[in-house]
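Below is one structure, written out as structure tokens, with a few remarks after it.
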Amino acid sequence: MTADFNPESARFPIGSSVRIKSSGTLRAFRLPDRLRFPPSEEQIEFGGHTDSVRRITFSVKGDVIYELETAPGMWQEQLLVKHITYSPLLAHVRETLNGIEPSRDRELVYYPCRAVLKSGEACDTVYIVPEQPYIKYWGVYPENDHGKRWIKMEDIAEVKESPIRLPAQFANEIYRNGESGMGYTIFTVVFSDGSRQAYGMGNAVDFIRYPDGKGPKDVVAVIPHEGRNDATRVDGSEYYWCLYSE
């Protein structure tokens, strides 16, 4: 190590709260040429833990190296993510959620909502979910996942049930049947007039693009895994995550 470094160039300042990436991710970094200082087996046991930065140094090759308060050894930036502390459910949000039927994917409970932010911006596709079941299932926090969008609980002024959600009983049926392939889900929605629409989505399936003139009350059935070769299949709506501390 060299003493000639500038701590201000490090992503995580001394004293900042960080979360160590999951044990599975740490193990992947042990593959050849992934890191100059790959994590040890002892360090892998700390996967998913929250810690704080005690010391910052640089290697002679310019790698930023962190020492943490609790977890042992040297940690390169690629092994850490910024830790966000989530607020509890706001009282007015909790009251509204009591009247919304959630959907369930195993132990993970989803509240698909319409959220109006304090800025006045509104979004019909917001998942409000507790932090711990979320991270157990998804493995990475939304603010650390470039493929996900998220909002803060404290920015919410009002919530209602989303007008474009798939009714809970049908969303639950899709979740019970699992994904259609690695990282995606295909299903067909049947409407009261006999028409059908196929959808191709990720592993969160509550928000769909309804055909013109139709909404949640028109859904009479879903057929999991059907529609793979349907030329009219559409994607689901873009959505946001809003996590809260229990």
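Quick notes on this one:
- Three-way shape call for region 143-241 based on the alpha-carbon gyration tensor, with the a/c threshold at 1.5: oblate
- The simple Förster model, with R0 at 41 Å and r as the Cβ-Cβ distance, assigns residue 36 and residue 196 a FRET efficiency of 0.15.
- 3J(HN,Hα) couplings calculated from phi for region 230-238 with the Karplus curve 6.51 cos²θ - 1.76 cosθ + 1.60 (θ = phi - 60°) are, in sequence order, 7, 5, 9, 4, 10, 7, x, 6, 5 Hz; Gly and Pro show x.
- Ligands, DNA and RNA aside, residue 114 has an accessible area near 80 Å² when probed at 1.4 Å.
- Helix content alone sets the calculated 222 nm mean residue ellipticity of the chain: runs of n ≥ 4 DSSP H residues at -39500 (n - 2.57) each, divided across all residues, give -3500 deg cm²/dmol.
- When the trypsin sites (Lys or Arg not before Pro) in region 61-97 are filtered for DSSP coil states and for at most 11 other beta-carbon atoms within 10 Å of their beta-carbon, the remaining sites are 61.
- Residue 132 paired with residue 91, simple spin-label distance in nm, labels 7 Å along Cα-to-beta-carbon: 2.5
- Chain lengthening between residue 158 and residue 238 when straightened (0.36 nm per residue, less Cα-Cα): 26.8 nm
- Reach of residue 152 by Cα under 19 Å, taken over lysines that are not fewer than 8 positions away in the same chain: 82, 118, 160
- Amide H contacts of residue 220 (H built 1.01 Å from N, under 5 Å, at least 5 apart or other chain): 190, 191, 192
- Region 1-94: C-alpha gyration tensor shape, a/c 1.5 cut-off, then a/b vs b/c: oblate
- In order along region 21-27, the phi-based Karplus estimate (6.51 cos²θ - 1.76 cosθ + 1.60, θ = phi - 60°) of 3J(HN,Hα) comes to 4, 4, 4, x, 5, 4, 5 Hz; Gly and Pro are listed as x.
- Solvent exposure, largest accessible area first (probe 1.4 Å, DNA, RNA and ligands not counted), of 182, 74, 153: 182, 74, 153
- Going by accessible surface with a 1.4 Å probe and the largest first, 162, 22 read 22, 162.
- Charge context of residue 176, other residues only, Cβ under 10 angstrom, K/R +1, D/E -1: 0
- Here the Karplus curve 6.51 cos²θ - 1.76 cosθ + 1.60, taken at θ = phi - 60°, turns the phi angles of region 160-175 into couplings of 9, 5, 5, x, 10, 6, 7, x, 3, 4, 7, 4, 4, 5, 5, 4 Hz, with x standing for Gly and Pro.
- Values [x] 43; [y] 39; [z] 56 are given for comparison; percent of Cα pairs over 24 Å apart, derived from the coordinates here, is the one labelled [z].
- Efficiency of FRET between residue 230 and residue 55 - r from beta-carbon atoms, R0 41 angstrom, step 0.05: 0.10
The values are calculated or read from the model by the stated rules, or taken from the named source; none is laboratory data. No experiment lies behind these values; they were computed from the predicted model shown. Note that we place each Cβ from the backbone using ideal geometry, even for glycine, and neighbour counts take in every protein chain shown. For accessibility, only protein heavy atoms count, side chains too; no ligands or nucleic acids. Shrake-Rupley method; radii C 1.70, N 1.55, O 1.52, S 1.80 Å.
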